[in-house]
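The values are calculated or read from the model by the stated rules, or taken from the named source; none is laboratory data. Everything numeric in this text was worked out from a predicted model, so none of it was measured. Here Cβ is always computed from backbone atoms with ideal geometry, including for glycine, and neighbour counts include all displayed protein chains. Keep in mind that these areas ignore ligands, DNA and RNA; they rest on the heavy atoms of the full protein, side chains included. Shrake-Rupley method; radii C 1.70, N 1.55, O 1.52, S 1.80 Å.
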Amino acid sequence: MSPASRLRHPHRFRCPAPVALTGLAALAVAAAPAPATAQEGVSEAVPTRLVVRVVANDAKIIGSGVGGAQVVVRDALTGAVLAQGVQSGGTGDTGLIMSPSERGARVFDTEGAAAFRAEIPLRGPTPVLVEYAGPLGTPHALQRGSTSLLLLPGEHLDGEGLVVTLHGFTVEMLAPTPSPFAAAPGEPVTVRARVTMLCGCPTQPGGLWDADGFDIRAQWVRDGVVVGEAPLTWTGTVSEYSGDLTAPAEGGPVTLRVVSVDRARVNSGMVEAPGLVH
């Protein structure tokens, strides 16, 4: 059938039926090995150490002071949990973490520094998925992440370990209180918030964690729409920022939201509180 005839009579054109594999092609498919299971190839399990360190982006390790970080290690092929727990300990050495370092230098493996440590019995090369979340002490600021790698029996990954990063800020509402709060229509409301790194490290203009690059704003939100906003500025107290935000002229339920964004370092965070304008 010519191409022109096919266009005039599309109903006559049919896709060919699948062709059965023969000869060498069939032998190749038949001989292809099945995917290896995660735990085959070794008669006895070999204990293998894994250290994971969950770090706040542009800051320090997420330690016990902010609740630590949850870590779960799964077999990437089966989903089975091989190890899980909470990273605990200190935030690490500020000088080492926040200063330029040579490639391969010890940065996070210092005395008392937080880490999650596991000893996993392996019977063969095992692809794993490492899931992590923190800081656990402020659930509204919780960030999550995951990464994958291959573990080999007896090949310990400790010392600095697997270093993974969570991006964000912890933003806490200090005023108005209580929650839910009340505001008068068209009247200014003083909003005060605390903004820290996910590890709890302090922020302020000109500080090591320099708030000069932060955009911190208070917003009124109704039905998911921002109906008013105002900037918050440093109060002179470490990590605290405040400003006045005029309440909406119309009464009714409203949400007060404070957001903090550092675009240059890819960190952001927020907190919300319910209120009523009447």
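For region 182-196, 3J(HN,Hα) computed residue by residue from phi via the Karplus equation (6.51, -1.76, 1.60; θ = phi - 60°) reads 10, 9, 8, x, x, 9, x, 10, 7, 10, 10, 9, 10, 10, 10 Hz, glycine and proline entered as x.
Between His167 and Glu250, the modelled labels are 3.5 nm apart [label points 7 Å from Cα along Cα→Cβ]. Peptides 109-119, 223-233 ranked from most to least packed, by the mean per-residue count of other Cβ atoms within 10 Å: 109-119, 223-233.
Relative contact order of region 131-278: what whole-number percent is it, with Cα pairs under 8 angstrom and at least 6 residues apart?
26 percent
Here r is the Cβ-Cβ distance between Thr177 and Leu150 and R0 is 51 Å; the resulting FRET efficiency, rounded to 0.05, is 0.50.
Taking every C-alpha pair closer than 8 Å and separated by at least 6 residues, the mean separation divided by the residue count of region 158-205 gives a relative contact order of 42 percent.
For region 195-278, trypsin sites (Lys or Arg not before Pro) are listed when DSSP marks them as loop and at most 11 other Cβ atoms sit within 10 Å of their Cβ; the list is Arg263.
How much area per residue is accessible in region 128-278 when the probe is 1.4 Å and only protein heavy atoms are counted (Å²)?
With all protein chains present, region 128-278 gives 47 Å² per residue.
Solvent-accessible area assigned to carbon and sulfur over region 183-278 amounts to 52 percent, based on a 1.4 Å probe.
Among the protein heavy atoms of region 38-134, carbon and sulfur supply 48% of the accessible surface, probe 1.4 Å, non-protein parts ignored.
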